[in-house]
Amino acid sequence: KMFHEATHITGVVLTKLDGTAKGGIVLGVCESIGVPIRHVGVGERVADLRPFDRTAFVDGLFQA
(Lines give C-alpha, C1' and ligand atoms only; values in the text may rest on other atoms or scores of the structure.)
Protein backbone atom coordinates (compact mmCIF):
# COMPACT_ATOMS: atom_id res chain seq x y z
CA LYS A 1 0.00 0.00 0.00
CA MET A 2 2.83 2.37 0.83
CA PHE A 3 4.50 1.76 -2.56
CA HIS A 4 1.19 2.47 -4.32
CA GLU A 5 0.68 5.67 -2.31
CA ALA A 6 4.18 6.88 -3.20
CA THR A 7 4.10 5.96 -6.89
CA HIS A 8 0.42 5.83 -7.86
CA ILE A 9 0.78 2.64 -9.90
CA THR A 10 -1.94 1.87 -12.43
CA GLY A 11 -1.53 -1.90 -12.67
CA VAL A 12 0.46 -4.98 -11.74
CA VAL A 13 2.62 -7.26 -13.87
CA LEU A 14 2.89 -10.74 -12.36
CA THR A 15 6.15 -12.40 -13.39
CA LYS A 16 7.34 -15.95 -12.85
CA LEU A 17 3.86 -17.32 -12.36
CA ASP A 18 4.90 -20.72 -11.02
CA GLY A 19 2.61 -21.45 -8.11
CA THR A 20 -0.92 -20.97 -6.84
CA ALA A 21 0.29 -19.25 -3.65
CA LYS A 22 1.94 -16.46 -5.66
CA GLY A 23 -0.98 -16.32 -8.07
CA GLY A 24 -3.53 -16.20 -5.29
CA ILE A 25 -1.80 -13.49 -3.27
CA VAL A 26 -1.71 -11.08 -6.19
CA LEU A 27 -5.51 -11.05 -6.24
CA GLY A 28 -5.57 -9.72 -2.67
CA VAL A 29 -2.88 -7.15 -3.40
CA CYS A 30 -4.72 -5.82 -6.45
CA GLU A 31 -7.99 -5.76 -4.54
CA SER A 32 -6.50 -3.85 -1.60
CA ILE A 33 -4.94 -1.10 -3.73
CA GLY A 34 -7.62 -1.04 -6.42
CA VAL A 35 -5.50 -1.70 -9.51
CA PRO A 36 -5.82 -4.43 -12.15
CA ILE A 37 -3.38 -7.14 -13.15
CA ARG A 38 -2.20 -6.03 -16.58
CA HIS A 39 0.20 -8.78 -17.71
CA VAL A 40 1.51 -12.17 -16.58
CA GLY A 41 4.89 -13.70 -17.33
CA VAL A 42 4.79 -17.24 -18.64
CA GLY A 43 8.53 -17.63 -19.22
CA GLU A 44 11.92 -16.04 -18.73
CA ARG A 45 11.98 -13.44 -21.52
CA VAL A 46 10.21 -10.13 -22.07
CA ALA A 47 8.56 -11.76 -25.07
CA ASP A 48 6.91 -14.18 -22.62
CA LEU A 49 4.72 -11.46 -21.08
CA ARG A 50 1.07 -11.94 -21.97
CA PRO A 51 -1.94 -9.70 -21.43
CA PHE A 52 -3.79 -10.87 -18.32
CA ASP A 53 -6.80 -13.09 -19.01
CA ARG A 54 -8.79 -13.43 -15.80
CA THR A 55 -10.78 -16.46 -16.95
CA ALA A 56 -7.64 -18.41 -17.87
CA PHE A 57 -5.98 -17.29 -14.61
CA VAL A 58 -8.83 -18.52 -12.41
CA ASP A 59 -9.12 -21.77 -14.37
CA GLY A 60 -5.40 -22.32 -13.86
CA LEU A 61 -5.71 -21.84 -10.09
CA PHE A 62 -8.32 -24.57 -9.85
CA GLN A 63 -6.77 -27.16 -12.18
CA ALA A 64 -5.58 -30.27 -10.38
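The values are calculated or read from the model by the stated rules, or taken from the named source; none is laboratory data. Predicted model only: the values in this text are computed from it and were never measured. Cβ placement follows ideal geometry from the backbone for every residue including glycine, while neighbour counts extend to all protein chains displayed. Surface accessibility is based on the protein's heavy atoms, side chains included, excluding ligands, DNA and RNA. Shrake-Rupley method; radii C 1.70, N 1.55, O 1.52, S 1.80 Å.
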Evaluated over the chain, the Cα radius of gyration and Dmax, each in Å: 12.1, 39
Work through the residues other than H4 whose Cβ is under 15 Å from its Cβ and net out their charges, Lys, Arg +1 and Asp, Glu -1. 0
What accessible area per residue comes out for the chain, rounded to a whole number of Å², with a 1.4 Å probe? 76
Taking placed amide H atoms and a strict 5 Å upper bound, the residues 5 or more places from T15 or on another chain that come that close are G41
Counting only protein heavy atoms and a 1.4 Å probe, tell me what percentage of the chain's accessible area is made up of carbon and sulfur. 59
Here the longest stretch of the chain that holds no trypsin sites (Lys or Arg not before Pro) in a DSSP loop having at most 10 other beta carbon atoms within 10 Å is 2-44
Using θ = phi - 60° and the Karplus relation 6.51 cos²θ - 1.76 cosθ + 1.60, list the HN-Hα couplings for region 32-45 in order, rounded to whole Hz, with x at every Gly or Pro. 5, 9, x, 10, x, 7, 9, 9, 10, x, 10, x, 9, 9
